[in-house]
Amino acid sequence: MQYSKIVATGSYLPEKILSNHDLEKLVDTSDEWITSRSGIKQRHIVADGEKTSDMAYHAALSAINSSNFDKFNIDIIVMATSSPDMIFPSTACLLQNRLGLTHIPAFDLQAACTGFLYAITTADAYIKSGMYKTALVVGVDTISRFIDYTDRNTCVLFGDGAGAVILQASEEPGILINELHADGSGDWALNVSGHMYNGQIKSNPYMFMDGKAVFKMAVKNLSAVATSVLNKAGYTNEDLDWLVPHQANIRIIEATADHLNIPMDKVIVTVDMHGNTSAASVPLALDDAIKNQKIKRGDLIMLEGVGAGYTWGASLIRY
Ligand SMILES: CC(C)(COP(=O)(O)OP(=O)(O)OC[C@H]1O[C@@H](n2cnc3c(N)ncnc32)[C@H](O)[C@@H]1OP(=O)(O)O)[C@@H](O)C(=O)NCCC(=O)NCCS
């Protein structure tokens with residue numbers, strides 16, 4: 001049986017930190033409100049002129065350098081982002097050029113905050129099919145570009161960042177099961193409807209979110225997809241060493257863990273430090289947990305994503 005195994009991880013966070021106290025100066029909010037409703041204390045925000053491709057490049061280099069990986073072994077780049085540098089070419093192509101990886105295929109895919117789950121599933125399918133042996137998978141978002149810093153409903157929740165993993169074909173178990181879902185009827189609840197038309201931006205260039213609707217959807221679908229994946233693999237919640245959920249809100253994370261009967265000391269939490277970094281959230285949390293020696297080789301881990309679309313999914317992995 002052919003598996004794909006995570007052989008390296010990396011991440012990047014912009015230098016600038018926006019704390020809850022900084023936000024108190026921008027909108028009518030408080031550190032107490034943000035902390036109690038979301039668990040977020042701070043988020044990182046790109047510097048002026050810093051782009052999605054810059055963050056992707058630093059995260060990719062961090063993965064490559066973390067294991068002295070020979071970058072010329074990479075034979076495809078799959079990038080999840082909702083905030084590409086340009087409409088085209090894709091940000092994956094910009095990254096491919098900057099890494100000096102001539103002629104390997106590179107493309108972006110977009111599934112909002114579930115993007116990394118869609119990207120790792122896609123890369124895994126290529127590897128399992130035998131088409132490619134090594135994939136660089138990047139989740140990256142400059143969500144601050146779409147945030148209205150006068151809208152307290154959204155501006156307190158999101159931050160910028162990038163995470164990367166290198167997947168390689170292996171005879172040993174690695175990614176065991178992926179499951180993805182979408183429900184396009186949820187488009188109204190979480191969107192950036194702005195688009196270019198005839199040389200102008202039409203509709204709303206900033207994020208719109210119905211927080212309560214998204215909250216309910218997230219807990220319901222994250223619990224369901226995790227249960228389904230564990231059942232398919234013949235495992236129970238007790239077999240799981242770590243849950244690495246999308247880092248949107250500590251209350252969503254805690255409610256999901258509660259539904260799954262997984263204690264919080266088996267759940268990776270970085271939302272307090274990063275906020276919701278969209279497609280970067282899961283690989284950032286994964287890299288953090290590996291670098292801090294929480295997740296170790298041989299552990300059974302589950303990655304979970306949820307976001308606009310609606311979209312959601314999970315991957316069960318023997319690390
Ligand atoms: C947004 C969210 C934190 C709000 O929490 P909540 O428990 O639903 O909010 P509450 O009902 O306690 O409070 C709502 C009130 O707080 C106010 N409020 C909203 N943002 C606020 C802020 N930053 N500071 C202070 N007050 C705020 C609202 O205006 C509302 O006031 P009103 O009752 O006078 O109309 C929560 O719904 C959430 O996290 N949803 C999911 C969002 C998400 O994760 N999206 C991305 C998924 S990928």
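Before moving on, here are some points about what is shown:
- Extreme residue, farthest from the ligand (Cβ to nearest atom), among residues of the range 137-165 that are assigned to a helix (DSSP H, G or I) and not hydrophobic (A, V, I, L, M, F, W, C): Arg145
- Out of Asn231, Asn221, sole residue that is without any contact (Cβ under 8 Å) to a residue 12 or more places away in the chain and farther than 24 Å from Ile87 by Cα: Asn231
- Condition check for Asn68: away from the ligand (no atom under 16 Å from the Cβ), among the polar types (S, T, N, Q) and either at pLDDT below 95 or closer than 24 Å to Gly159 by Cβ (or both): yes
- The range 299-319 - residue that is of a type in the set (Val, Ile, Thr) and farther than 16 Å from Val165 by Cβ and, of those, farthest from the chain's Cα centre (by Cα): Thr311
- Note on the range 228-276: among residues that are part of a loop (DSSP other than H, G, I, E, B) and of a type in the set (Gly, Ala, Ser), the one that is nearest to the ligand (Cβ to nearest atom) is Ala248.
- Just one residue in the set Ala279, Ala213, Ala289, Ala285 is touching a helix residue (DSSP H, G or I) at 6+ places or on another chain (Cβ under 6 Å) and either assigned to a loop (DSSP other than H, G, I, E, B) or not hydroxyl-bearing (Ser, Thr, Tyr) (or both); that residue is Ala279.
- Which listed residue, of Thr81, Thr9, Thr91, is polar (S, T, N, Q), under 20 Å from the mean Cα position of the chain (by Cα) and within 16 Å of the ligand (Cβ to nearest atom): Thr81
- Asp272 falls short of the stated requirement of being outside the structural domain of Lys41 (by TED's automatic domain parsing), crowded, with 24+ Cβ neighbours inside 10 Å and closer than 22 Å to His44 by Cβ.
- Ser19, sole failed condition from (1) crowded, with 16+ Cβ neighbours inside 10 Å; (2) within 16 Å of the ligand (Cβ to nearest atom); (3) polar (S, T, N, Q): (1)
- Here is the figure for the range 189-210: residues that are more than 19 Å from the chain's Cα centre (by Cα) and within 14 Å of the ligand (Cβ to nearest atom) total 3.
- Residue under evaluation Phe69, criteria (1) in contact (Cβ under 8 Å) with a residue 24 or more places away in the chain; (2) not in a loop (DSSP other than H, G, I, E, B), criterion not met: (2)
The values are calculated or read from the model by the stated rules, or taken from the named source; none is laboratory data. What you are looking at is a predicted structure, and each value in this text was computed from that prediction instead of being measured. Every residue, glycine as well, gets a Cβ built from its backbone with ideal geometry; the counts of neighbours run over all protein chains shown.
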